[in-house]
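Report on one structure; see the data block that follows.
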Amino acid sequence: MANIPIWPGSSSFFPGDTPFGFYDNDVEFQQDADKMADWCARRLGYPLTDIELQDLNFYTAFEEAITTYGQYVYQYEIIENIGTFEGNSTGSAFNNQYIQPNLGNTIALAEQYGTEAGSGGSINYKTGSINLIPGQQRYSLSASFTAVSESGNHIEIKRVYYEAPPAIVRFFDPYAGTGTGLQSLMETFGFGNFSPGVNFMLMPISYDLQTIQAIELNDQVRKSAYTFQLYNNDFLRIFPIPRRAQKLFFDYVVKEDRNNPVKNDNPGLITDISNVPYNNPTYIYINGPGRQWIFRYALALAKEMLSNVRGKYSTIPIPGSEVTTNASELRSESQTDKQALIEELKLMLEESMRHKYLERQNQESNFTQDTFAKVPYPIYIK
């Protein structure tokens, strides 16, 4: 059996002793590296038994344990805040930053409904028109609507209507004047061409908005308006049949704009969990409980490495006999320890998720109310 180097009993860390060097320049990592190596060696049986590992093996386990810890912590952080991250720049890492949740993703979803409802949204409503011919009921949009900007695009008509005067003009009747004194006051507010009716200045703005909405709804419900059928995104059938030449307007959206899932092709934006900018954790900022987890995981990794070394020879010959190594036991312990530590960390991270925090707050509130409900009211006797 070849001579295998054993643990000498002490170590001295230098930058460059780890495979990747993620934390080599961290002062606290440098201080803890040798302490961790000594602790792991003692937990493995030193000095009562030889440990076939060197300082570089322990440093490797230490670096991997920190990286594994950061991997799970940041994965949960990304899942918790992916809706907040999406669309933001990938330029700066989020390590050690407080993440303020926002409604950006929810608002973006609501905008899609707003587009369909005609009450906002992220897609522009455009206006087109065609010239109606008396007695002609069917029109080809491609032939009648000559908007060059929509060449090759498919449009979806949302509303067909006459060009009506704005509701605000009919609300402020220019012939309802009540005197020059109020007229000068209207000029001050920039409404000199409209009615000097005092209700505009005395009623809240919500009243004005409701009045305008009532006028517009009245136009749609009570007045004769055209309805339409659209075939193959081109042929428009008008009801009723036009009786005079006039211009008919319609609002539409471009389907290619609405259905395009790519809203910004900037490659510097966060699109999914793969490009959320998180680097490896900064060891100096990891707290005590986190470091304890890292030490225990590093020990499990050291067991795995030691089992690989001892597993190369199942038995070791000695004078008059042979010794069986404990490689299989170390490997089994390592797998069990690593799995248990991962489950422990995942449980802690799951309990720190925002919805879990809100559940605990709700429980605490309910328990508090139940407790107060059992407190008797004071009785005052005069």
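The values are calculated or read from the model by the stated rules, or taken from the named source; none is laboratory data. This structure is a prediction, so every number in the text was calculated from the model and none was measured. All Cβ positions, glycine included, derive from the backbone under ideal geometry; neighbour counts span all protein chains shown.
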Selected residue [surrounded by 15 or more Cβ atoms within 10 Å (Cβ to Cβ) and small (Gly, Ala, Ser)] from GLY104, GLY83, GLY91: GLY83
Where a residue in region 230-259 is in the same structural domain as GLN137 (by TED's automatic domain parsing) and among the β-branched types (Val, Ile, Thr) and its partner, wherever it lies, is assigned to a strand (DSSP E or B) and surrounded by 11 or more Cβ atoms within 10 Å (Cβ to Cβ), with Cβ under 6 Å and at least six apart: ILE238/PHE228; VAL253/GLU156; VAL254/ILE155
Matching option when the condition is at pLDDT 65 or above, part of a helix (DSSP H, G or I) and of a type in the set (S, T, N, Q), among SER129, SER149, SER142: SER142
Among residues of region 325-382, those that are assigned to a loop (DSSP other than H, G, I, E, B) and in contact (Cβ under 8 Å) with a residue 40 or more places away in the chain, counted: 2
Members of region 112-124 found to be surrounded by 14 or more Cβ atoms within 10 Å (Cβ to Cβ) and touching a Gly at 6+ places or on another chain (Cβ under 7 Å), listed by number: GLY114, THR115, GLY121
Region 329-348, residues that are buried (at least 17 other Cβ atoms within 10 Å of the Cβ) and among the small types (Gly, Ala, Ser): SER334
Filtered residues of region 76-114 (kept if within 30 Å of ARG296 (Cα to Cα) and free of Cβ contacts under 8 Å to residues at least 12 places away in the same chain): GLN97, TYR98
Filter result for PHE20 (over 20 Å from ASN308 (Cα atoms) and surrounded by 11 or more Cβ atoms within 10 Å (Cβ to Cβ)): yes
Search result, residues across region 25-78 that are of a type in the set (S, T, N, Q) and over 30 Å from VAL276 (Cα atoms): GLN31, THR49, GLN54, ASN57
Test set (1) in contact with a Leu (Cβ under 8 Å, 6 or more places away or on another chain); (2) more than 30 Å from HIS355 (Cβ to Cβ) - GLY16 fails condition number: (1)
